Amino acid sequence: MSLFKARDWWSTTLGENEEYDQGCLSVADVDNSGSGQDKIIVGSYSGFLRIISPHPAKAGDGVQAEDLLLEVQLRDPVLQVEVGKFVSGTELLHLAVLHPKKLCVYSVSGTLGNVEHGNQYQIKLMYEHNLQRTACNMTHGPFGGVKGRDLICIQSMDGMLMFFEQESYAFGRYLPGFLLPGPLRYSPKTDSFVTVSSCRQVESYKYQVLAVATDADTKKEIEQQKIGSGKKLLADWILNIGEQALDISIVSFNHTAFSIFVLGERNFFCLKENGQIRFMKKLEYSPSCFLPYCSVSEGTINSLVGNHNNMLLVYQDMTLRWAAQLPHIPVAVKVANFQDMKGIIVTLSDCGHLQCSYFGTDPSLFQAPKVESRDINYEELDTEMKELQRIIKEATKTQDILPKIEKEDDLTLSANVSPVLDAVSQAVDSAVESEAVPSVTVKFSIRTRLHVQKTVLAISVPPFLALTQDQFIFHSIEPGVAKSVSVSVFLKGNCPPSDLEGSAVVSYNTPTELNPEGVPRVAQCKFRLPLRLVCLPVPPSKAANHKLTIDTNKPPVNLVNLFPDFIERGDDDQVSVLGFQLLAGQKVTLLASKTSQRYRIQSEKFEDLWLVTKEFIMRFEEYFLKQGVKDFTCSFSGPIPLQEFFELIDQHFEFRMNTEKYEKLLSERAVQFRAIQKLLLTRFKDKTPAPLHNLDTLLDGTYRQVLGIADAAEELQNNLFRAFIKLKAATQLIILLIGLWQKLSKDQITFLESTLLPLQQDGQELGWEESVDAALSHLLRTCLSKSSKEQALNLTSQLTIPKDTSKLKKHITLLCDRLAKGGRLSLSADSASQQSNLTQGFSTSSLSLGTA
Amino acid sequence: MVYVDEIDVDQEGIAEMTLDENSIAQVARPGTSLRQATAKKHEGPSPAVRPVTQSGRPLTGFVRPGTQSGRPGTMEQAIRTPRTAHTARPITSASGRYIRLGTASMLTNPDGPFINLSRLNLSKYAHSPNLAKTLFEYIFHHENDVKNALELAALATENAQFKDWWWKVQLGKCYYRLGLFREAENQFKSALAHQDMVDTFLYLGKVYARMDQPLTALSMYKQGLDRFPKEVTLLCAVARIHEEMNNLTSATEYYKELLKQDNTHVEAIACIGSNHFYTDQPEIALRFYRRLLQMGVYNCELFNNLGLCCFYAQQYDMILTSFERALSLAENDEEVAEVWYNLGHVAVGIGDLNLAYQCFKLTLANNNDHAEAYNNLAVLEMRKNHVEQARALLQTSAALAPHMYEPHFNFACLSDKIGDLQSSYVAAQKSEAAFPDHVETQQLLEKLRQHFAMI
């Protein structure tokens, strides 16, 4: 990763399919021309030796024929080339070439021709040594501090250091603890050899110690080249670096301290002469070669490090100063002077790519491949875009992440209430004290479009009505074929129901291929039972306690048309009076005024009016709808019969109070019963029997009391339930009347319904009175409040059974008053203010940046 | 050329994270643990600006082992794959990754294994120090047989009279892999007594980080920096710890110091870049990313980031070409999804909600688990008044990424709007847990509480 690349000054590729490594590159003025121009000497593992002197006309020029001064093929592979004063009697530079079994020293000389391409270069073998051990690498230097000549030390593959004093062999010495050869360098200042052994230690051996030491293995000595005997070989110092080293370099420039650089596989070390770490740097790449060189700034040393990511890095001590991209992986790097160019970097890759380069701010241009792009043809684009949009639109209709809710249900349930009562009543176990309890058949039909499973049909009717069967299970229903079942509904309890609307629910699973279990779904329907089910036509009675008068805006209607099922046709065409006998209740009479548009409904009991009134108004509306009259309205002139309503509330409340009383009593008795039981038990468990003191009689008595109270409580519960049903009927009637009276809209009526008829079951903990009271007081404080002062809320946190019903009654009266004064039932005023500050809060989650 | 750095190859597995037996206290004091993101106090950008990972830590600019999974609080969270991890399933055990490194040993050699470990007389080899070290590395890295490697190292260190720091480091490495962190710590400390090495400091720091003692790790790195001033790897380790501790300002300081030493350090450039991006300086972030591009980093993520920076720096001409390149460079579906997601943001930014909708859809088509895309899609659906769709999308999003506060908050708003106060309250509480300082959540909660008090 580098910003810049090394600028190419001159480069070539040597030979074909040849291999090179660390020691194969050397740079020196090997022909002793004296011009200060360095030549590049490259030896290959295929045995070629080349001497090159690059001189491009301008930077970046290719190779020219005369750049290659010399090329010879030697018989053996070239392991290493070194240049030094290897020949005795002269200080001229000679070339030492290391082969696996041979060391040759050549002199290189050139004869100048008339023109540049006439120059001739040749090498002359000065001397050679045949080696008995396979060589690995070598180092040279003025061993022992000799002046003006260089000695050579060869490390063999099995760990012997062989020393050659130019033309003669001096001695050989085994390194202790040897396994594989590591890099070897001679340090002139301390006159010692530095290597990295297989123990992963940097070891330094003094030349003198080597010379006088004796080998551990003396037997080999005899067979091998003659060696003098001496002391055991001991290292001067050892530093454990914990890794193998690639190369060692020993430098001491004028103004810098003497340092030994070791390039490990993971780290880069700089050691002092006594083997202590001066600094180290962990490398985050695999290095391939390095070269320390003189730095411009005081007291620091620069090093060039090549790595396997094709990079050449320049460190000043440990700070990265420059990084440049190379076209190849350098296995050897040198710095040379050519022509007038000083400090050209020469790098060699393992396949023979030789490059001379220098640093510059040439960006390492990375040519991003072109993204496939088309010429912009706007018309084509437009048509394609349109086509794609169309496809997307269609696709979103049919397939989306979330399935659209089906407009048409997969399964339809319909209920059909038969218009006539059953010929033979299906009623069983009816508690109604009447000679004949009618029943009506309701036919349910289920039709599916898909294959559905686990279909369960459940039917429910209001209390006191009963079904012959309330649940049906179908294991599977074939698509397209309607399943139908019939049930009969009849009045079971001895009380008129508060409603005549029943409901049925089908739950089913739609299995798909992926989900054999299926998705659970439901379908439901409602059905209305005929009034005839709960009442019989009777002759009307004039006397009644409770009367309601309903006004209409249309001329009076013949009741025969309204209630054909209650009046046998033919005997009297104009019927203005009609009597209903509720099966489990009182007689209700409906009177129609012959002249005015008024109707009166009257009964002995207030709550019984409800069913008939409701039916009457519904039939009226239906009738006029059939006639095509749209502006039909009913009205009620008032006042609202609150007193009757309150009586029912009181009745219900009294039952509740009684229930509470009985419950308390029951728990007392139960406690008493348990206490007696405990006493008895201890008596019986006692080892010495004691007299019972009539405790058994007491237990018996208490038991009977408990049973008696429980029976009474149960009876009370039933009564309470009945009272609640009555209350419910009355409440519905009151709501209807208020609606007619104040001409409330449908929304307002539902509002009123939710206020006065809470959905939850009537119970001892949370009963009708307190929940209605809470809802009412909320209404009175909010939308029906007279002034904003009332809106200040003081809330009771918990709903408890009230002490009496006076407050509730007061609130109901107040509600009617406020409505009469034009109060409107709506909470839109305060809900609007809430809406406004709702939508602002949406935030999109922020970006997720990828990673580099 | 394979370069295996033992220090960096390490990802904590589920088992290690959830069945941690090294923890000293159940609840660490704030600022002393990596485990709980110091969620109470956010330094630098808030999660509203900078997305967070599962553990509530801001997203870093550089994927490295262990940064993305975080330290989950629950098993359920641990099993869930972090979206940015590149594997389909979570790492179930630390050994999972090591086995993959050791696949060389799984190749069958025609002549049987190169070295038959079971027949090796370890004590014999322990006596030859020159062979033992290489043998150890073979067993440790190639065969991945920590038990035998440990045995060899123990014998060898005994043979070296406990004076060779290298063997102690190797022992520490073995103990670390076996999960015996205290023993590993002892070995590394003992090794440091012999010889200061950069690697040993790094290993020791790693042990402390694993033991959830970031402060000790930091002091260890500082000690290392005293010995080896300005060492790049140590600086980088310090910066990473600061980043994990949510201390982005110091992390950036250290990354900057690092860049002074090694200005080609990709991780530092990327992290500083992303920090600038999330602190509202897209122009500066752009320069950092452009630098990476010039240095030869050429991948989908970089172009993605460049595109985003261009957008927020209002250099509109480059946005689409950057994203185009990112798309063409994407290597897998997750990357494609990520690019489309960001394109969706651009579309939202220019107000083309239709395009945004389609971008987010494409994100989900490419990566079905993209929680952010679900959330944003839900917001768009909400604008179209598709309440049911929005609800379902938000629920999906919240289920996929419980650490994000956005889906919870949006769900709360939505529920509040349609009158489902209970759900709204529950969701708002979740949102508050994910991002305690979010003002709008607090306002909503306050409103709901008042509402409940009234009833």
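The values are calculated or read from the model by the stated rules, or taken from the named source; none is laboratory data. Everything numeric here is computed off the predicted structure, so don't read it as measured data. Here Cβ is always computed from backbone atoms with ideal geometry, including for glycine, and neighbour counts include all displayed protein chains.
Kindly indicate whether any position in the range B:293-302 is in the same structural domain as B:SER431 (by TED's automatic domain parsing), surrounded by 24 or more Cβ atoms within 10 Å (Cβ to Cβ), under 26 Å from the mean Cα position of the chain (by Cα) and not aliphatic (A, V, I, L, M).
Of all residues in the range B:293-302, those in the same structural domain as B:SER431 (by TED's automatic domain parsing) come to none.
Scanning the range B:293-302, I find no residue that is in the same structural domain as B:SER431 (by TED's automatic domain parsing), surrounded by 24 or more Cβ atoms within 10 Å (Cβ to Cβ), under 26 Å from the mean Cα position of the chain (by Cα) and not aliphatic (A, V, I, L, M), so the answer is no.
Those helices (runs of 4 or more DSSP H) of the range A:757-849 in which at least 3 residues are at pLDDT 75 or above, exposed (fewer than 15 other Cβ atoms within 10 Å of the Cβ) and away from chain B (no Cβ under 14 Å), considering only elements entirely within it, cover A:806-820. Here the range B:265-283 is the region considered, the condition is being more than 10 Å from chain A (Cβ to nearest Cβ) and assigned to a helix (DSSP H, G or I), and the residue that is surrounded by the most Cβ atoms within 10 Å (Cβ to Cβ) is B:ALA268. Based on this model, can you work out whether B:PHE323 counts as facing chain A (nearest Cβ under 10 Å) and in a helix (DSSP H, G or I)? No: the conditions fail for B:PHE323. Any idea how many residues of the range A:186-196 are at pLDDT 90 or above and either touching an Asp or Glu at 6+ places or on another chain (Cβ under 7 Å) or closer than 17 Å to A:GLN276 by Cα (or both)? Looking only at that region, the number is 6. Of all residues in the range A:304-340, exactly one satisfies the criterion of being within 10 Å of chain B (Cβ to nearest Cβ), surrounded by fewer than 20 Cβ atoms within 10 Å (Cβ to Cβ), closer than 21 Å to A:THR13 by Cα and in contact (Cβ under 8 Å) with a residue 24 or more places away in the chain, namely A:ASN309. A:GLU116 satisfies every condition listed in (1) at pLDDT below 90; (2) charged (D, E, K, R); (3) in contact with a Lys or Arg (Cβ under 9 Å, 6 or more places away or on another chain) except (3).
Reported count of residues in the range B:127-180, each being aromatic (Phe, Trp, Tyr) and surrounded by fewer than 21 Cβ atoms within 10 Å (Cβ to Cβ), is 2. Inspect the range B:389-399 for any residue being within 7 Å of chain A (Cβ to nearest Cβ), of a type outside the set (Ser, Thr, Tyr), surrounded by fewer than 24 Cβ atoms within 10 Å (Cβ to Cβ) and under 30 Å from B:ASN263 (Cα atoms) and give the result as yes or no. Scanning the range B:389-399 turns up no residue that is within 7 Å of chain A (Cβ to nearest Cβ), of a type outside the set (Ser, Thr, Tyr), surrounded by fewer than 24 Cβ atoms within 10 Å (Cβ to Cβ) and under 30 Å from B:ASN263 (Cα atoms). Considering only residues that are within 13 Å of chain B (Cβ to nearest Cβ) and either more than 22 Å from A:PRO188 (Cα to Cα) or assigned to a loop (DSSP other than H, G, I, E, B) (or both), which ones fall in the range A:269-288? Those that are within 13 Å of chain B (Cβ to nearest Cβ) and either more than 22 Å from A:PRO188 (Cα to Cα) or assigned to a loop (DSSP other than H, G, I, E, B) (or both): A:GLY275, A:GLN276, A:MET280, A:LYS281, A:LYS282, A:LEU283, A:GLU284, A:TYR285, A:SER286, A:PRO287, A:SER288. Inspect the range A:582-594 for any residue being assigned to a helix (DSSP H, G or I) and surrounded by 15 or more Cβ atoms within 10 Å (Cβ to Cβ) and give the result as yes or no. There is no residue in the range A:582-594 that is assigned to a helix (DSSP H, G or I) and surrounded by 15 or more Cβ atoms within 10 Å (Cβ to Cβ). Among the candidates B:LEU286, B:LEU258, the residue that is modelled with pLDDT of 90 or more, part of a helix (DSSP H, G or I), closer than 16 Å to A:GLU284 by Cβ and more than 8 Å from chain A (Cβ to nearest Cβ) is uniquely B:LEU258.
Number of residues in the range A:71-104 that are part of a strand (DSSP E or B) and in contact (Cβ under 8 Å) with a residue 24 or more places away in the chain: the value is 16. Filtering the range A:542-559 to residues that are under 9 Å from A:GLN597 (Cα atoms) and either out of contact with any strand residue (DSSP E or B) (no Cβ under 6 Å at 6 or more places or on another chain) or part of a strand (DSSP E or B) (or both) leaves A:ILE550, A:ASP551, A:THR552, A:ASN553, A:LYS554, A:PRO555, A:VAL557.
Residue-wise test of (1) in a helix (DSSP H, G or I); (2) touching a Ser or Thr at 6+ places or on another chain (Cβ under 8 Å); (3) closer than 24 Å to A:ILE617 by Cα.
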residue	(1), (2), (3)
A:ARG722	yes, no, no
A:ILE734	yes, no, yes
A:LEU737	yes, no, yes
A:TRP741	yes, yes, yes
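In the range B:196-221, the residue that is surrounded by the most Cβ atoms within 10 Å (Cβ to Cβ) out of those that are among the polar types (S, T, N, Q) and modelled with pLDDT of 90 or more is B:THR200. No other residue among B:ARG383, B:ARG449 is basic (Lys, Arg) and more than 10 Å from chain A (Cβ to nearest Cβ) apart from B:ARG449. Here A:GLN602, A:GLN586, A:GLN597 are screened, and the one residue that is touching a strand residue (DSSP E or B) at 6+ places or on another chain (Cβ under 7 Å) and closer than 26 Å to A:SER425 by Cβ is A:GLN586.
Residues in the range A:630-656 that are surrounded by 12 or more Cβ atoms within 10 Å (Cβ to Cβ) and over 24 Å from A:ALA723 (Cα atoms): A:PHE632, A:THR633, A:CYS634, A:SER635, A:PHE636, A:GLY638.
Among the candidates A:SER35, A:SER53, A:SER88, A:SER46, the residue that is surrounded by 18 or more Cβ atoms within 10 Å (Cβ to Cβ), assigned by TED's automatic domain parsing to the domain that holds A:GLY343 and hydroxyl-bearing (Ser, Thr, Tyr) is uniquely A:SER53. I need the full set of residues from the range B:349-370 which are among the polar types (S, T, N, Q), within 23 Å of the chain's Cα centre (by Cα) and crowded, with 16+ Cβ neighbours inside 10 Å, in order please. Listed by number, the residues that qualify are B:THR363, B:ASN366, B:ASN367.
The single condition among (1) within 18 Å of A:SER204 (Cβ to Cβ); (2) small (Gly, Ala, Ser); (3) within 13 Å of chain B (Cβ to nearest Cβ) that A:SER259 does not meet is (3). Evaluation of B:ASN375 against the conditions (1) more than 9 Å from chain A (Cβ to nearest Cβ); (2) closer than 30 Å to B:GLU267 by Cβ; (3) modelled with pLDDT of 90 or more shows that the sole unmet condition is (1).
Restricting attention to the range A:375-410, which residues are within 12 Å of another protein chain (Cβ to nearest Cβ) and either assigned to a loop (DSSP other than H, G, I, E, B) or at pLDDT below 70 (or both)?
A:GLN399, A:ASP400, A:ILE401, A:LEU402, A:PRO403, A:LYS404, A:ILE405
All of (1) under 20 Å from B:PRO436 (Cα atoms); (2) surrounded by 21 or more Cβ atoms within 10 Å (Cβ to Cβ) hold for B:ALA373 with one exception: (1). Scan the range A:658-673 for residues that are in contact (Cβ under 8 Å) with a residue 12 or more places away in the chain and either in contact with a Gly (Cβ under 7 Å, 6 or more places away or on another chain) or closer than 20 Å to A:GLU769 by Cα (or both) and the total you get is 5. Name the pairs: first residue in the range A:814-826 and within 9 Å of A:GLN742 (Cβ to Cβ), second residue surrounded by 14 or more Cβ atoms within 10 Å (Cβ to Cβ) and not hydrophobic (A, V, I, L, M, F, W, C), Cβ to Cβ under 6 Å, at least 6 apart or on different chains? These pairs meet every condition: A:LEU819/A:GLN742.
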